[in-house]
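The values are calculated or read from the model by the stated rules, or taken from the named source; none is laboratory data. Given the structure is predicted, the values throughout are model-derived calculations rather than measurements. Surface areas here come from the heavy atoms of the whole protein model, side chains and all, with no ligands, DNA or RNA. Shrake-Rupley method; radii C 1.70, N 1.55, O 1.52, S 1.80 Å.
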Amino acid sequence: MGASGIYHAACHAFVFDGEAVDDILESLFKGAFFTLQALHFLRTETYPRTKAELADMVSRAR
């Protein structure tokens, strides 16, 4: 559901919002982090508190 909402908002911003798209994308990055954070927790039962921590955990999981 989180990924679907991000995708929809990104497409809408690209098509309709023109110059404001950079500001919208910044907020979508936050939503993507929260979605990935929740997915990682569900899969591993470890909770990354920061983007750097999430990136580190994901890179080690490969």
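Looking only at segment 34-48, decide whether some residue is of a type in the set (Asp, Glu) and assigned to a helix (DSSP H, G or I). Steps first, please.
Initially, segment 34-48 is screened for residues of a type in the set (Asp, Glu), giving 45.
Now restrict to residues that are assigned to a helix (DSSP H, G or I): none.
Within segment 34-48, none of the residues are of a type in the set (Asp, Glu) and assigned to a helix (DSSP H, G or I).
For segment 15-62: of the residues being of a type in the set (Phe, Trp, Tyr) and under 21 Å from residue 4 (Cα atoms), which is least open to solvent (accessible area, probe 1.4 Å)? Quick ask: steps written out before the conclusion?
Keep residues of segment 15-62 that are of a type in the set (Phe, Trp, Tyr), which gives 16, 29, 33-34, 41, 47.
Restricting the remaining residues to those that are under 21 Å from residue 4 (Cα atoms) gives 16, 29, 33-34, 41.
Details: 16: 144, 29: 141, 33: 27, 34: 122, 41: 90 Å².
Ranking the candidates gives 33 first.
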